[in-house]
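Only one structure is covered here, and it is reproduced in the block below.
The values are calculated or read from the model by the stated rules, or taken from the named source; none is laboratory data. Small disclaimer: the values here were computed from a predicted structure and weren't measured. All Cβ positions, glycine included, derive from the backbone under ideal geometry; neighbour counts span all protein chains shown.
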Amino acid sequence: MEIITEILVIGGGSAGSVAAIKAKEAMPDRTVLLLEKANIRRSGAITMGMDGLNNAVMPGHAEPEDYVKEITLANDGIVNQRALLRYAQNSAAMVSELDSWGVKFQKTSTGEFDMKKVHHNGRYVLPMPEGYDLKKILCRKIRRVGVRVENRIMATRLILDAGRIAGAMGFNTRTGEFVIIRAKAVILACGACGRLGLPASGYLYGTYEMPTNAGDGYSMAFHAGAELSNIECFQINPLIKDYNGPACAYVAGPFGGHTVNAQGHRFIQCDYWSGQMMMEFYRELHSGKGPVYLKMNHLADETISEIERIMHTTERPSRGLFHANRGKSYRHDMVEMHISEIGLCSGHSASGVWINENGETTVPGLYAAGDMASIPHNYLLGAFTFGKICAQHAVEYVKTVSEPKIDPAQVEAERDRVLRPLSQPDGYPHHQVEYKLRRMVNDYLQPPKLTTRMEIGLEHFIRAKADLDQMGARNPHDLMRAMEAHFIRDCAEMAARASLNRTESRWGLYHYRVEYPVSDNANWFVHQNLRRTPDGNMEFIKRPVAPYVVPLEKDDRESYSRLRIDESSTITQAV
Amino acid sequence: MPQATQHFDLPVVVDQSKCIEGCRVCVEVCPLDALAINPDTRKAYMARDECWYCTPCQVDCPANAVTVNIPYLLR
Ligand SMILES: Cc1cc2nc3c(=O)[nH]c(=O)nc-3n(C[C@H](O)[C@H](O)[C@H](O)COP(=O)(O)OP(=O)(O)OC[C@H]3O[C@@H](n4cnc5c(N)ncnc54)[C@H](O)[C@@H]3O)c2cc1C
């Protein structure tokens with residue numbers, strides 16, 4: 001199958017849906033194609049909606065500059081503030097637009113957005129207790145504006161024409177048909193690399209992230225020669241043990257729930273997820289005071305009913321069933337928590353494909369948005385807002401370029417690579433290869449990061465290339481999983497090399513190196529970008545942190561580095 | 001390669017007496033494409049142990065025929 005489109009959006013989750021809608025609205029007489037490996041009706045992290053926006057910068061509650069400051073601190077200073085500011089200045093308009101599409105946000109009795117405080121300093125959380133219909137609303141909009149949608153097609157590689165983007169290739173995961181798409185601009189919105197580490201349960205798909213997101217976007221961008229940024233800044237989250245989903249302190253916090261140790265004492269001042277917070281969480285887990293819990297059993301019965309109504313209908317609704325199976329209730333029991341497997345995701349941390357304030361990558365015509373793009377702590381509203389920003393820029397870009405040419409050599413090479421597992425059905429099955437690869441990721445890359453351990457891990461990931469070449473698939477579905485193993489391996493190699501190369505510790509637990517336990521601002525106050533060289537190797541570039549547009553005060557600087565509550569206040573604050 | 005057959009406890013259960021013949025809703029909404037239609041009965045079943053226990057198959061089923069259990073390994 002061959003398709004020609006003006007703009008191609010890969011991934012119809014949060015960022016991709018909005019990117020496609022906004023691009024099509026801006027050029028109704030041109031084709032905008034939305035490609036999705038699942039089905040846009042229920043694809044992506046918001047398959048069951050979301051219980052709140054984590055980072056809405058709303059007038060009257062916070063200024064864009066406040067938000068830029070907060071995220072600069074939460075990300076240890078390594079940010080592109082212009083891009084953060086662009087987000088912060090556009091996020092309120094995005095909320096209003098979503099509101100006009102029918103998304104239900106929590107409002108006060110006077111009709112204002114009902115903002116809650118979860119971050120260390122500012123008030124950015126906007127609850128969506130009825131957020132379960134998000135995908136329905138986005139799909140309706142996609143249909144109305146006339147975006148062309150192709151479901152169950154997985155993109156595997158991008159096509160280049162003399163250094164600029166020319167389209168993408170992939171295959172239909174039900175029929176196995178190879179697909180070639182020509183496009184003047186491509187917006188990557190493939191979500192996180194959620195299948196990097198193996199969850200402690202050992203279940204391949206029991207990940208924190210939606211497991212369709214296997215690092216596809218990271219890998220495709222890498223092979224196209226785009227720069228990726230701060231890959232060593234892993235995503236590690238505090239989650240319900242075994243269930244491996246959020247507990248979720250952002251919902252419970254405004255109602256009075258909080259994180260405690262086994263003695264029932266609070267040990268962190270704020271439940272906002274950051275590397276520094278995860279470090280304190282990790283320390284508490286491994287101290288005599290672990291495990292760590294989310295505590296709600298001191299709350300009134302009706303408050304708990306309200307929390308249950310939200311947590312058991314949106315985001316990860318099956319957590320209600322999980323607790324019930326074990327005979328646990330928020331009324332009587334605290335929720336046991338643990339730390340997740342590692343992943344790559346700028347939505348929660350900072351590892352992603354490098355983009356500027358327009359969503360442009362370093363490859364002309366290639367854009368990225370959402371969890372896979374480099375804007376730190378961008379979350380759901382960041383995915384929506386940067387989806388829109390990418391679309392706005394891409395619509396102007398395509399007017400300035402001619403039709404790209406499709407190079408038959410690239411197409412044939414990819415057709416051979418992708419379809420090979422079908423021609424060797426007795427090759428290694430995908431689940432065994434993936435299990436082993438991800439177990440090695442756990443064994444060798446999980447922080448605390450040790451140099452020798454990571455070097456051994458890297459050897460394994462390189463050796464795994466041979467296993468990937470010998471994978472077999474007996475049907476197009478298994479072929480999808482086999483090709484995802486390639487994405488996972490690429491991400492594992494990037495994660496190992498990037499972690500080895502940054503010889504300092506930064507971002508709390510996310511990049512905690514045993515041999516280099518402190519931050520080295522003289523050498524490493526930089527973005528560490530990596531890219532593929534023409535001969536297929538990986539090279540690193542230090543990108544200086546651009547001068548701040550929002551300066552930090554001395555007092556600000558300390559706020560995220562002192563998250564632990566000291567002993568004396570523990571006693572007074574303990575509930 | 002020799003084949004082994006193993007028995008798995010699968011998280012998604014479709015009540016065959018309630019499932020509507022010819023309906024494909026759960027198969028289409030599953031992000032992981034883990035469900036399939038049995039060509040003989042034209043009813044849905046879980047064909048692959050690839051589940052995020054996310055529940056669209058259960059919530060969108062027009063016949064209330066689908067139950068999502070927590071996968072055994074993490075239950
Ligand atoms: C459990 C959980 C809870 C969260 N809670 C909150 C919260 O409370 N508040 C908040 O603000 N944020 C929250 N987030 C974060 C937020 O959901 C994400 O940041 C946001 O949805 C990311 O959007 P995205 O478009 O990048 O990825 P997604 O929405 O996941 O979309 C990626 C899409 O790309 C598709 N895809 C992937 N690879 C390919 C390929 N090769 N070819 C074709 N298609 C492909 C996938 O199928 C998917 O549809 C949460 C995330 C998770 C996982």
query: Taking A:His323 and the conditions (1) assigned to a helix (DSSP H, G or I); (2) surrounded by fewer than 22 Cβ atoms within 10 Å (Cβ to Cβ); (3) away from chain B (no Cβ under 14 Å), which numbered condition does it fall short on, given that it satisfies the others?
result: (3)
field: Selection count where residues are under 16 Å from the mean Cα position of the chain (by Cα) and assigned to a helix (DSSP H, G or I), scope region A:214-241
entry: 6
- prompt: Residues in region B:54-63: is at least one at the interface with chain A (Cβ under 9 Å from one of its Cβ atoms), closer than 26 Å to A:Met50 by Cα and among the hydroxyl-bearing types (Ser, Thr, Tyr)?
  reply: yes
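From the list A:Ile159, A:Ile187, exactly one residue is within 11 Å of the ligand (Cβ to nearest atom), over 15 Å from A:Glu484 (Cα atoms), more than 14 Å from chain B (Cβ to nearest Cβ) and at pLDDT 95 or above. Which is it? Show your work before the answer.
Numbers: A:Ile159 fails: within 11 Å of the ligand (Cβ to nearest atom).
Step by step, each of A:Ile159, A:Ile187 is checked, and only A:Ile187 is within 11 Å of the ligand (Cβ to nearest atom), over 15 Å from A:Glu484 (Cα atoms), more than 14 Å from chain B (Cβ to nearest Cβ) and at pLDDT 95 or above.
State whether one or more residues within region A:194-213 are near the ligand (Cβ under 10 Å from one of its atoms) and outside any loop (DSSP other than H, G, I, E, B).
no
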- prompt: When A:Asn475 is evaluated against the numbered criteria (1) out of contact with any Phe, Trp or Tyr (no Cβ under 7 Å at 6 or more places or on another chain); (2) within 23 Å of A:Glu341 (Cα to Cα), which criterion, by number, is the only one it fails?
  reply: (2)
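Based on what the data block shows, is A:Leu85 away from every other protein chain (no Cβ under 14 Å), in a helix (DSSP H, G or I) and out of contact with any Ser or Thr (no Cβ under 8 Å at 6 or more places or on another chain)? Give the steps one after another, and end with the answer.
Numbers: away from every other protein chain (no Cβ under 14 Å): yes; in a helix (DSSP H, G or I): yes; out of contact with any Ser or Thr (no Cβ under 8 Å at 6 or more places or on another chain): yes.
When the stated conditions are applied, A:Leu85 passes them.
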field: Filtered residues of region A:444-482 (kept if aliphatic (A, V, I, L, M) and within 17 Å of A:Tyr510 (Cβ to Cβ))
entry: A:Leu445, A:Leu450, A:Met454
- request: Could you identify the single residue in A:Ala498, A:Ala464, A:Ala492 that is more than 14 Å from every other protein chain (Cβ to nearest Cβ), out of contact with any helix residue (DSSP H, G or I) (no Cβ under 9 Å at 6 or more places or on another chain) and within 20 Å of A:His223 (Cβ to Cβ)?
  value: A:Ala498
- line: The condition from (1) away from chain B (no Cβ under 14 Å); (2) more than 25 Å from A:Glu412 (Cβ to Cβ); (3) within 15 Å of the ligand (Cβ to nearest atom) that A:Glu232 misses is numbered (3)
task: Return a yes/no flag: does region A:415-425 have any residue that is more than 30 Å from A:Tyr67 (Cα to Cα), assigned to a loop (DSSP other than H, G, I, E, B) and assigned by TED's automatic domain parsing to the domain that holds A:Arg513.
output: yes
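Among the residues of region A:405-419, are any within 14 Å of chain B (Cβ to nearest Cβ), in contact with a Leu (Cβ under 8 Å, 6 or more places away or on another chain) and within 16 Å of the ligand (Cβ to nearest atom)?
We begin by selecting, within region A:405-419, every residue within 14 Å of chain B (Cβ to nearest Cβ); these are none.
No; the residues of region A:405-419 include none that is within 14 Å of chain B (Cβ to nearest Cβ), in contact with a Leu (Cβ under 8 Å, 6 or more places away or on another chain) and within 16 Å of the ligand (Cβ to nearest atom).
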- line: Filtering region A:18-43 for residues that are within 10 Å of the ligand (Cβ to nearest atom), within 14 Å of chain B (Cβ to nearest Cβ) and touching a Cys at 6+ places or on another chain (Cβ under 9 Å) leaves a count of 5
- request: Tell me, please, whether a residue that is assigned to a helix (DSSP H, G or I), away from every other protein chain (no Cβ under 14 Å) and more than 9 Å from the ligand (Cβ to nearest atom) can be found in region A:44-64.
  value: yes
- prompt: Taking into account only those residues within region A:374-429 that are of a type in the set (S, T, N, Q) and closer than 21 Å to A:Ser229 by Cα, which is farthest from the chain's Cα centre (by Cα)?
  reply: A:Thr385
task: Go through (1) in a loop (DSSP other than H, G, I, E, B); (2) without any contact (Cβ under 8 Å) to a residue 60 or more places away in the chain; (3) at negative phi and name the single condition A:Leu500 misses.
output: (1)
- request: Report yes if A:Ala252 is within 23 Å of A:Lys116 (Cβ to Cβ), assigned to a loop (DSSP other than H, G, I, E, B) and small (Gly, Ala, Ser), otherwise no.
  value: no
query: How do the strands (runs of 3 or more DSSP E) wholly within chain B filter down when requiring 2 or more residues that are within 24 Å of A:Arg326 (Cα to Cα) and at pLDDT below 95: which remain?
result: none
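Being in a helix (DSSP H, G or I), modelled with pLDDT of 95 or more and over 21 Å from A:Gly202 (Cα atoms) is true for just one of A:Ala473, A:Ala466. Which residue is that?
Values: A:Ala473 fails: in a helix (DSSP H, G or I).
Matching residue, one of A:Ala473, A:Ala466: A:Ala466.
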task: With the condition kept exactly as written, say whether any residue in region A:311-319 is more than 12 Å from the ligand (Cβ to nearest atom) and farther than 22 Å from A:Pro211 by Cβ.
output: no
Residue tally, condition within 14 Å of chain B (Cβ to nearest Cβ) and away from the ligand (no atom under 11 Å from the Cβ), over region A:235-254: 2
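For every residue, the table says whether it meets (1) more than 14 Å from every other protein chain (Cβ to nearest Cβ); (2) aliphatic (A, V, I, L, M); (3) surrounded by fewer than 16 Cβ atoms within 10 Å (Cβ to Cβ).
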position	(1), (2), (3)
A:Trp101	yes, no, yes
A:Glu112	yes, no, yes
A:Val118	yes, yes, no
A:Val149	no, yes, no
A:Ala155	yes, yes, no
message: So, in region A:343-385, how many residues would count as being assigned to a helix (DSSP H, G or I) and more than 9 Å from the ligand (Cβ to nearest atom)?
response: 1
task: Test A:Phe178 against the stated conditions and say whether it is buried (at least 24 other Cβ atoms within 10 Å of the Cβ) and of a type in the set (Phe, Trp, Tyr).
output: no
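For A:Tyr293, indicate whether it is part of a loop (DSSP other than H, G, I, E, B), surrounded by 17 or more Cβ atoms within 10 Å (Cβ to Cβ), more than 17 Å from the chain's Cα centre (by Cα) and away from the ligand (no atom under 14 Å from the Cβ).
It is false that A:Tyr293 is part of a loop (DSSP other than H, G, I, E, B), surrounded by 17 or more Cβ atoms within 10 Å (Cβ to Cβ), more than 17 Å from the chain's Cα centre (by Cα) and away from the ligand (no atom under 14 Å from the Cβ).
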field: All positions within region A:5-17 that are surrounded by 24 or more Cβ atoms within 10 Å (Cβ to Cβ) and away from the ligand (no atom under 13 Å from the Cβ)
entry: A:Ile7
Conditions (1) among the polar types (S, T, N, Q); (2) in contact with a His (Cβ under 7 Å, 6 or more places away or on another chain); (3) within 27 Å of A:Ile307 (Cα to Cα); (4) away from the ligand (no atom under 12 Å from the Cβ); number of the one not met by A:Asn75: (3)
field: So A:Arg174, is it under 27 Å from B:Tyr53 (Cβ atoms) and of a type in the set (D, E, K, R)
entry: yes
